[in-house]
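The values are calculated or read from the model by the stated rules, or taken from the named source; none is laboratory data. Computed from a prediction, not measured in an experiment: that's the story for all the values here. Because the Cβ atoms are built from the backbone with ideal geometry, glycine has one as well, and the counts that use them run over all protein chains shown. The area values use the complete protein model at the heavy-atom level, side chains included, leaving out ligands, DNA and RNA. Shrake-Rupley method; radii C 1.70, N 1.55, O 1.52, S 1.80 Å.
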Amino acid sequence: MCRFLKTHQPLCQRRPAIQLQLKTILNRSHHFVGFVYREVRLRERGSRVQIEIHVEAHASIGGKCARCLQVSPGDDRLPERCWSFVPLWGIPTSFLYRPRRVNCPQHGLGVEHLPWSEGKRPVTIAMMVFLARWARRLSWRETARAFQTSWEAVYRSVDWFVQWGLAHRQLQGIEAIGIDEIHWGKGLRSENFLTVIYQIDSHCRRLLWVGPRRTEAALRRGLAALGPEVVRGLRFVCSDMWRPYLNVIAAKAGHALHILDRFHITAHLNKAVDEVRRAECHRLRGHAQGAHLKAMRWKLLRRGKRVRGRARQKLRRLLRTKLATARAWMLKESFHDFWRYRSLTWAAAFLDVWCERALRSRIEPMGKVARMLRSHEELILNWFRAKGEISNAATEGLNNKIRVITRRSYGFRTYHAMETALYHNLGRLPEPTLTHQFC
């Protein structure tokens with residue numbers, strides 16, 4: 001018994017076990033050279049409980065300049081500051097430290113480099129990465145509520161996360177890009193459209209650049225942001241038939257195979273059929289034949305083989321009439337055979353025959369589509385020259401994800417917030433490496 005008392009300290013003189021365990025965990029997951037964890041306190045402030053982690057500088061290691069990271073002399077300290085850290089067991093946690101001021105021979109007097117902080121942000125880097133990762137799964141408001149912080153803290157964390165990723169991302173090996181415009185906000189002004197550039201290679205599909213407006217200047221800025229090496233290495237470029245985009249692509253990426261994909265052509269055909277239907281419905285209002293067009297909009301816009309049941313019976317009755325809508329729909333359906341060809345020569349012959357039929361039909365919306373196809377015939381036939389190796393379907397899929405992000409956020413008040421959210425979710429940006437993965 002006496003031997004036991006001599007070799008072991010009394011309980012009143014020991015450190016609390018919780019202090020040793022938390023310090024061991026922090027040193028393993030977030031160890032900073034030149035700093036030590038002095039103590040951990042559980043503080044109650046009214047009805048709220050908070051964990052405070054007190055940090056102090058190592059006695060034998062001097063402070064570093066925040067700009068050049070060189071050890072510099074300095075003794076005086078600033079008042080104690082607080083940084084939000086990742087919540088532990090659902091309890092808000094913070095770092096407390098009195099920063100030293102150092103006198104750098106090159107940059108003069110300034111605050112020392114703090115490895116857990118970025119600039120003057122009141123949030124640690126680990127907390128910013130933690131919030132940014134969760135902000136992909138939840139909305140920014142729900143993330144703030146779940147981890148007992150503010151919406152502003154989540155937004156600033158995501159913004160820092162995106163800027164870090166853009167500065168460290170690699171743009172090598174890009175061979176195919178998709179260019180499109182996206183509508184956002186209210187109204188149809190030029191400010192309510194975005195120009196987006198995606199990488200649509202089979203091994204990587206991501207957002208490369210987004211900018212306001214859908215003009216030639218906007219696309220030139222986007223290609224300039226990617227750099228001349230990326231533009232020179234392109235093999236395929238996919239876009240719609242928007243004239244400003246066609247002009248810039250021909251001037252800046254003329255060496256790449258420019259493809260007008262089937263999605264936009266199908267959209268123009270559907271739009272023409274719907275225009276014919278609306279005009280004929282208005283002309284036959286009150287007429288017996290007008291009943292064939294009632295409640296037929298979505299049935300006419302779908303592929304014929306996907307119409308089932310009673311809808312198919314109504315479609316067959318419409319096709320037995322001599323209405324312009326029926327003839328326009330048959331022209332639209334027959335154009336799907338164009339994409340089944342493997343030979344460029346036969347595909348070009350089919351396109352000439354189809355355009356001739358559309359022009360002779362005397363249906364102006366279909367004739368307008370035929371004239372458009374003839375004016376872009378070479379770009380359309382590039383789809384066959386690429387032999388199906390690339391498709392604009394990836395672009396449309398990413399466009400749909402942008403709409404989902406906008407809908408989930410109930411819109412964005414500022415362009416910068418919207419741009420940050422798009423890069424964050426679709427950019428596949430690199431992330432800072434941490435010793436502990438939170439999610």
Residue count for the range 118-165, restricted to those that are acidic (D, E), in contact (Cβ under 8 Å) with a residue 12 or more places away in the chain and closer than 23 Å to L96 by Cα: 1
Of all residues making up the range 303-317, the number that are surrounded by 14 or more Cβ atoms within 10 Å (Cβ to Cβ) and farther than 26 Å from F263 by Cα: 1
Go through the residues of the range 142-151 one by one and say whether even a single one is open to solvent by less than 10 Å² (accessible area, probe 1.4 Å) and within 30 Å of E229 (Cβ to Cβ). no
May I ask you to list the residues in the range 227-260 that are hydrophobic (A, V, I, L, M, F, W, C) and without any contact (Cβ under 8 Å) to a residue 24 or more places away in the chain? V231, A250, A251, A256
All but one of (1) under 16 Å from G62 (Cα atoms); (2) touching a Pro at 6+ places or on another chain (Cβ under 9 Å); (3) open to solvent by 10 Å² or more (accessible area, probe 1.4 Å) hold for R101; which doesn't? (2)
Of the residues in the range 177-202 that are touching a Lys or Arg at 6+ places or on another chain (Cβ under 6 Å) and of a type in the set (S, T, Y), the one that is surrounded by the fewest Cβ atoms within 10 Å (Cβ to Cβ) is S190
When you check W89 against the structure, is it exposed (fewer than 14 other Cβ atoms within 10 Å of the Cβ) and within 18 Å of Q148 (Cβ to Cβ), yes or no? yes
Given the criteria more than 15 Å from I390 (Cβ to Cβ) and in contact (Cβ under 8 Å) with a residue 40 or more places away in the chain, does F263 qualify? no
Residue hits (the range 332-362; open to solvent by 40 Å² or more (accessible area, probe 1.4 Å) and not in a helix (DSSP H, G or I)) are Y341, R342, S343, R362
So which residues in the range 277-301 are of a type in the set (K, R), over 24 Å from S334 (Cβ atoms) and either open to solvent by less than 50 Å² (accessible area, probe 1.4 Å) or not in a helix (DSSP H, G or I) (or both), if there are any at all? R285, K294
Checking M241 against (1) open to solvent by less than 20 Å² (accessible area, probe 1.4 Å); (2) within 21 Å of F384 (Cα to Cα), only one condition comes out false. Which one? (1)
Per the list (1) surrounded by 15 or more Cβ atoms within 10 Å (Cβ to Cβ); (2) under 31 Å from the mean Cα position of the chain (by Cα); (3) within 19 Å of H54 (Cα to Cα), residue check on P122 breaks on (1)
Taking first residues from the range 77-98 that are closer than 18 Å to R121 by Cβ and second residues anywhere that are of a type in the set (K, R), the pairs with Cβ under 7 Å that are 6 or more apart or on different chains are L78/R98; L78/R101; P79/R98; E80/R98; Y97/R81; R98/R77
Leading residue by the ranking (nearest to H258 (Cα to Cα)) among those in the range 203-215 that are open to solvent by 70 Å² or more (accessible area, probe 1.4 Å) and charged (D, E, K, R): R205
In this structure, is R408 over 30 Å from A347 (Cβ atoms) and not aromatic (F, W, Y)? yes
Residues that are in a loop (DSSP other than H, G, I, E, B), in contact (Cβ under 8 Å) with a residue 24 or more places away in the chain and open to solvent by less than 90 Å² (accessible area, probe 1.4 Å), drawn from the range 33-68: G34, H58, I61, G62, G63, A66, C68
